[in-house]
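These notes are about the structure you will find just below.
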Amino acid sequence: MDFRTTAVATGTAIGKRGWRLVYGGGGVGLMDEVANSTIVAGGEVIGVIPEFLRIREAGHEGLHDLITTSGMHDRKQIMYSIANAFLILPGGVGTLDETIEIITWKQLELHKKPIILIDTNKFWSYFLKTLENSVDNGFMDKSIFDLFEIAPDVDAAIAKIETTL
């Protein structure tokens, strides 16, 4: 499955279940595909975007709610506070930043929400190897792997969320 297909399948699965999608609020890229697919399938979508990115990325104007923040830290705090779970698709440096932060917050026991990474085309394999390298070199404990789950596809990820919520 390619990344766009995964994005559309994720949004469709969220929308069909009547779940709410909370995401960064942009109107471009694969997350735009997730948002649009969620809306088409009947789900609610809330975007959270800093003012400077709203201008740069053209915030998605067709959402149920688009919250504008003053900066990235406010954005992440709001997204975290209104999300019930974290379903993470392949992405770039922003995705990696948010993934590491939400895993760190769980490690620090700031939340107990499920974190599931969708491993389309084995995207997360190098991330996992990096974590393994940190464990092997004594920088973290292997319990880090208990803080999140890897799902091979959207159906498996959705099933994992359904069993935890």
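The values are calculated or read from the model by the stated rules, or taken from the named source; none is laboratory data. Predicted model only: the values in this text are computed from it and were never measured. Neighbour counts are summed over all protein chains in view; Cβ atoms, including those assigned to glycine, are modelled from backbone coordinates with ideal geometry.
Against the conditions (1) among the charged types (D, E, K, R); (2) surrounded by fewer than 17 Cβ atoms within 10 Å (Cβ to Cβ); (3) within 23 Å of GLU162 (Cβ to Cβ), where does GLU51 fall short? Just the number, please.
Here GLU51 clears every test but (3).
Which residue pairs have Cβ atoms closer than 9 Å, lie 6 or more positions apart in sequence or on different chains, and pair a first residue in the stretch 132-145 that is farther than 20 Å from ILE116 by Cα with a second residue that is surrounded by 14 or more Cβ atoms within 10 Å (Cβ to Cβ) and at pLDDT below 95?
Close Cβ pairs (under 9 Å, with a partner that is surrounded by 14 or more Cβ atoms within 10 Å (Cβ to Cβ) and at pLDDT below 95) do not exist here.
Identify, from the list VAL34, VAL40, VAL8, the residue that is at pLDDT 95 or above, touching a strand residue (DSSP E or B) at 6+ places or on another chain (Cβ under 8 Å) and not small (Gly, Ala, Ser).
VAL34
Could you name every one of the strands (runs of 3 or more DSSP E) located completely within the stretch 1-69 that has at least 1 residues being of a type in the set (Phe, Trp, Tyr)? Walk me through how you get there before you give the answer.
Working: elements: 20-23, 44-50, 65-69.
The strands (runs of 3 or more DSSP E) meeting that bar are 20-23.
If a residue must be of a type outside the set (Phe, Trp, Tyr), surrounded by 19 or more Cβ atoms within 10 Å (Cβ to Cβ) and farther than 26 Å from SER70 by Cα, how many such residues does the stretch 13-37 contain?
4
From the set of residues in the stretch 97-109 that are surrounded by fewer than 14 Cβ atoms within 10 Å (Cβ to Cβ) and of a type in the set (A, V, I, L, M, F, W, C), which is nearest to THR10 (Cα to Cα)?
Filtering the stretch 97-109 down to residues surrounded by fewer than 14 Cβ atoms within 10 Å (Cβ to Cβ) leaves 97, 100-101, 104, 108-109.
With of a type in the set (A, V, I, L, M, F, W, C) added as a condition, the list becomes 100, 108.
On the way: ILE100: 21, LEU108: 28 Å.
Step by step, filter the stretch 97-109, then rank; the result is ILE100.
Tell me yes or no: at least one residue of the stretch 100-112 is over 28 Å from ALA156 (Cα atoms) and touching a strand residue (DSSP E or B) at 6+ places or on another chain (Cβ under 6 Å).
Within the stretch 100-112 (the criterion being over 28 Å from ALA156 (Cα atoms) and touching a strand residue (DSSP E or B) at 6+ places or on another chain (Cβ under 6 Å)), the answer is no, since none of the residues qualifies.
For the stretch 81-165, list the helices (runs of 4 or more DSSP H) that sit wholly inside it and hold at least 2 residues that are farther than 30 Å from GLY18 by Cβ and at pLDDT 95 or above; which are they?
93-107, 125-136
Could you check, for the stretch 115-122, whether at least one of its residues is surrounded by fewer than 16 Cβ atoms within 10 Å (Cβ to Cβ) and either aromatic (Phe, Trp, Tyr) or at negative phi (or both)? Don't jump to the end; show me each part of the working.
Our first condition is that a residue be surrounded by fewer than 16 Cβ atoms within 10 Å (Cβ to Cβ); within the stretch 115-122, this holds for 121-122.
Those left that are additionally either aromatic (Phe, Trp, Tyr) or at negative phi (or both): none.
No, the conditions are met nowhere in the stretch 115-122.
For the stretch 75-102, which positions are more than 16 Å from MET31 (Cα to Cα) and in contact with a Pro (Cβ under 8 Å, 6 or more places away or on another chain)?
Hit for the stretch 75-102 is ALA85, nothing else.
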